[in-house]
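Notes for the one structure printed next.
Just so it is clear, none of the values below were taken in a lab; they were calculated from the coordinates. Everything quoted here is computed from the prediction, not taken from an experiment. All Cβ positions, glycine included, derive from the backbone under ideal geometry; neighbour counts span all protein chains shown.
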């Protein structure tokens, strides 16, 4: 009987508490405004990756990057609290990516992707200021590559 419900799509929907990975990105015509962040749990560790600009000062942008840097799990759980407080999983589920018939080449595009314990994955074209600011703070703490251009 349980198998029939699963086939019909009557499974429990994942919640903010089920999130094990989150990534956000922005594709912008001006490189200094583009960014990507990823934070996830793997093998009992919290890992963080980023590629972004920390300071946007005239003629002095500080680009930082890191890949799979181990961070304190507490940061991941703080992010989960942000998700819960803003009902982000529900919003992402409602606004999933749909086929874009009118692709605009130079349009700024935002996206958020959530991965869940049951291997389910949700992605939506949405920007969340609080999530972005939190991940940008992590980038300033953990980024290993720094370049000024």
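Odds and ends about this structure:
- Relative contact order (%) - criterion: Cα under 8 Å, at least six apart; region: the range 14-148: 31 percent
- Rounded, prolate or oblate (a/c below 1.5 giving rounded, otherwise prolate when a/b exceeds b/c) for the range 14-148 by Cα gyration tensor: oblate
- Footprinting exposure proxy ranking of 68, 106, 18, fewest other C-beta atoms within 10 angstrom first, gives 106, 68, 18.
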